[in-house]
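Below is one structure, written out as structure tokens; the observations come after it.
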């Protein structure tokens, strides 16, 4: 096989290993392979993670089927689905807290976001007045930012 980008026909040489004399493409290829190996180690062997999308579709199907069988659901049952990203953010905040052993900035952001989404989901589910809810959320976020600044 010949390389169409060269003037002399012949086989394509094997890429050099990353190190002295390697081209930037070879170095980049080695970096990508190292990153993929690291990501594979972080995610565990085989399975790539929890299928959140499948669980959401499954839950919606079960809820709609139960509604067809006559189960009376609360009028704002769909607000429960706001809890999914809220729980994800709060779990991420807990993980960052465990890694850093302190409430760092990368743990505080998901904590604030998850708390706001949790409060919004509860307010929508129970039919609270959103005109009162949003000022309380702004006060809570402002207090969290001030408290975070005080932790430094």
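The values are calculated or read from the model by the stated rules, or taken from the named source; none is laboratory data. For clarity, every value in this text was computed on a predicted model and none was experimentally measured. Virtual Cβ from ideal backbone geometry, glycine too; neighbours counted across all protein chains shown.
Would you please name the residue that is nearest to residue 83 (Cα to Cα), looking only at residues in region 121-148 that are part of a loop (DSSP other than H, G, I, E, B) and without any contact (Cβ under 8 Å) to a residue 40 or more places away in the chain? That would be 128. Selection of region 89-105 for residues being in a helix (DSSP H, G or I) and closer than 25 Å to residue 121 by Cα yields 89, 90, 91, 92, 93, 94, 95, 96, 97, 105.
Table: residues versus (1) in a helix (DSSP H, G or I); (2) under 25 Å from residue 126 (Cβ atoms); (3) at pLDDT below 85.
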residue: 31; (1), (2), (3): yes, no, no
residue: 40; (1), (2), (3): yes, no, yes
residue: 47; (1), (2), (3): no, no, yes
residue: 59; (1), (2), (3): yes, yes, yes
residue: 71; (1), (2), (3): no, yes, yes
residue: 74; (1), (2), (3): no, yes, yes
residue: 81; (1), (2), (3): yes, yes, yes
residue: 84; (1), (2), (3): yes, yes, yes
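Scanning region 86-124 for residues that are modelled with pLDDT under 85 and more than 21 Å from residue 147 (Cβ to Cβ) turns up nothing.
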